[in-house]
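Data block below; observations after.
The values are calculated or read from the model by the stated rules, or taken from the named source; none is laboratory data. Nothing here was measured: the structure is a model prediction, and the numbers come from that model. Positions of Cβ are backbone-derived with ideal geometry, glycine not excepted, and every protein chain shown enters the neighbour counts.
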Amino acid sequence: MKEYLYNYIKEIDQLLGSNKKINDDIINNHLIKIGFFQNERLIHLLVTIFYGLLFIIFMTLGFLSYLFFIIAAILLVFLLFYIVHYFRLENGVQYLYKQYDKMIQF
């Protein structure tokens, strides 16, 4: 998803950098893509929250048995990767908003 998002951002940046006229079809397509990326962002937010809650639960259970700390460590790795991915996705979608603002100025 990250690759698809950043390739799309580059494509729109090239379109904005050229002196081509941006028509309503391009703007509407951009709004549709923003909607798709917002849905993706929401799903990743929910998964990140889920992993965070599981991590907290297993850390708490780790005080009962040290084996739960092992599971918590594995969940922490997944959680860190999801946080990084969500951060990139969030920044990409916010950049799409800026591109949209530039599009409607033309």
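Structural remarks
- Residues that are closer than 13 Å to Y97 by Cα and not acidic (D, E) were ranked within the stretch 9-27; the one that is farthest from the chain's Cα centre (by Cα) is I27.
Per-residue answers, yes or no, for (1) in contact with a Gly (Cβ under 9 Å, 6 or more places away or on another chain); (2) on the phi < 0 side of the Ramachandran plot; (3) surrounded by 13 or more Cβ atoms within 10 Å (Cβ to Cβ); (4) hydrophobic (A, V, I, L, M, F, W, C):
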| site | (1), (2), (3), (4) |
| --- | --- |
| D25 | no, yes, no, no |
| H44 | no, yes, yes, no |
| L53 | no, yes, no, yes |
| G62 | no, yes, yes, no |
| A73 | no, yes, yes, yes |
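- Residue count for the stretch 28-73, restricted to those that are of a type in the set (S, T, N, Q), in contact (Cβ under 8 Å) with a residue 24 or more places away in the chain and either touching a Leu at 6+ places or on another chain (Cβ under 8 Å) or over 24 Å from F87 (Cβ atoms) (or both): 1
- Among (1) assigned to a helix (DSSP H, G or I); (2) more than 13 Å from V93 (Cβ to Cβ), the one test that K33 misses: (2)
- Residue that is farthest from the chain's Cα centre (by Cα) [pool: residues in the stretch 50-66 that are among the aliphatic types (A, V, I, L, M) and either modelled with pLDDT of 95 or more or under 16 Å from M1 (Cα atoms) (or both)]: L61
- Scoring I12 on the criteria (1) of a type outside the set (D, E, K, R); (2) closer than 17 Å to G92 by Cα; (3) loosely packed, with under 13 Cβ neighbours inside 10 Å leaves a single failure, condition (3).
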